[in-house]
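Student: Structure provided below as structure tokens; questions to follow.
The values are calculated or read from the model by the stated rules, or taken from the named source; none is laboratory data. These numbers come from a predicted model, not from an experiment. Here the Cβ positions follow ideal geometry from the backbone for every residue, glycine too, while neighbour counts run over all protein chains shown. With ligands, DNA and RNA removed, areas are computed over all heavy atoms of the protein, side chains included. Shrake-Rupley method; radii C 1.70, N 1.55, O 1.52, S 1.80 Å.
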Amino acid sequence: MRWPGIRIGTLDLSDGTIHAVSDFPGQEGVIRRSGESVAHIGYDFGKGPQFAVAPGTLAAVDTEAFHVRSISLEDGETTRILRRDIAPPPVTSAHVDAEIEEYVETNVLYGGVSREQAEEMGRGRREVPRAPTLPILRSIRLDEAGNLWVEPFFGAGIDVGPFEVFAADGTWLGSISVPAGLERGFIPDFAPGLEIGDDYLLGVWSDAQGVEYVRLYSLDKS
């Protein structure tokens, strides 16, 4: 089930008027009821919408498919669709084991709990509802030139792939792998910012001890 839905709009700063641009399905999950209470429990490996904004344009994708819409912020009309036919791979026991192992290690390192407690919490994670298939995409970004950066899905036990970069007219420009250690985050909204300029990449890089540094990289477009 997809719930709740998401409506994207623009705000006119001169008079506070809000104009709706488009509606999108919410996160994939399951509805659980307890008495009069209703809760939406998001799936592990669940799919959902991701957005990127540039002047005059909203790029939107649902991570269950390689299907990116470019939407005009003036009138809400779809101006371009970028699509590839890719079948979503199934979630396997190996994916679940890797996700739980990462969950345990994260809680030991940063959650202030003992390994025994973390492993007990990990066993409880096996009861969490999960999607039957993996997402195709993880996020999308727009750089200063209006190029679209499409990020394939990755996570525990799934290798980090390069960004696929497309021009504003949909022309494929190439694949770009970012330096190892540069933070991209498993959950894009919670990751440190990754700024993509016309000829640079600015982000947070972590060393082997987890110490963070701000780093600026040049982009070679040759």
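Student: If you go through the stretch 160-170 one residue at a time, do you hit one that is touching a Gly at 6+ places or on another chain (Cβ under 6 Å), open to solvent by 40 Å² or more (accessible area, probe 1.4 Å) and in contact (Cβ under 8 Å) with a residue 12 or more places away in the chain?
Tutor: Yes, there is a match, as at least one residue in the stretch 160-170 is touching a Gly at 6+ places or on another chain (Cβ under 6 Å), open to solvent by 40 Å² or more (accessible area, probe 1.4 Å) and in contact (Cβ under 8 Å) with a residue 12 or more places away in the chain.
Student: Take the conditions closer than 30 Å to P55 by Cβ and among the charged types (D, E, K, R) and apply them to D97. Does it pass?
Tutor: So D97 does not fit the description; no.
Student: Answer yes or no: is there a residue in the stretch 39-59 that is under 12 Å from L134 (Cβ atoms), touching a residue at least 12 places away in the same chain (Cβ under 8 Å), aromatic (F, W, Y) and open to solvent by 50 Å² or more (accessible area, probe 1.4 Å).
Tutor: Looking for residues that are under 12 Å from L134 (Cβ atoms), touching a residue at least 12 places away in the same chain (Cβ under 8 Å), aromatic (F, W, Y) and open to solvent by 50 Å² or more (accessible area, probe 1.4 Å), one finds at least one in the stretch 39-59, hence yes.
Student: Among the hydrophobic types (A, V, I, L, M, F, W, C), out of contact with any Leu (no Cβ under 6 Å at 6 or more places or on another chain) and within 28 Å of W172 (Cα to Cα), is that true of A52?
Tutor: no
Student: Can you tell me which residue within the stretch 60-74, out of those that are under 22 Å from E144 (Cα atoms) and of a type outside the set (S, T, Y), is surrounded by the most Cβ atoms within 10 Å (Cβ to Cβ)?
Tutor: V61
Student: Step by step: first the residues of the stretch 77-93, then only those that are within 18 Å of the chain's Cα centre (by Cα) and open to solvent by less than 60 Å² (accessible area, probe 1.4 Å), then the one that is farthest from A168 (Cα to Cα). Which residue is that?
Tutor: Ranking the candidates gives V91 first.
Student: Right, something else. Before we move on, is R141 more than 21 Å from L82 (Cα to Cα) and touching a residue at least 24 places away in the same chain (Cβ under 8 Å)?
Tutor: no
Student: Something else now. Could you go through the stretch 175-190 and let me know if any residue there is modelled with pLDDT of 90 or more and either open to solvent by less than 40 Å² (accessible area, probe 1.4 Å) or hydroxyl-bearing (S, T, Y) (or both).
Tutor: Yes, the stretch 175-190 has at least one match.
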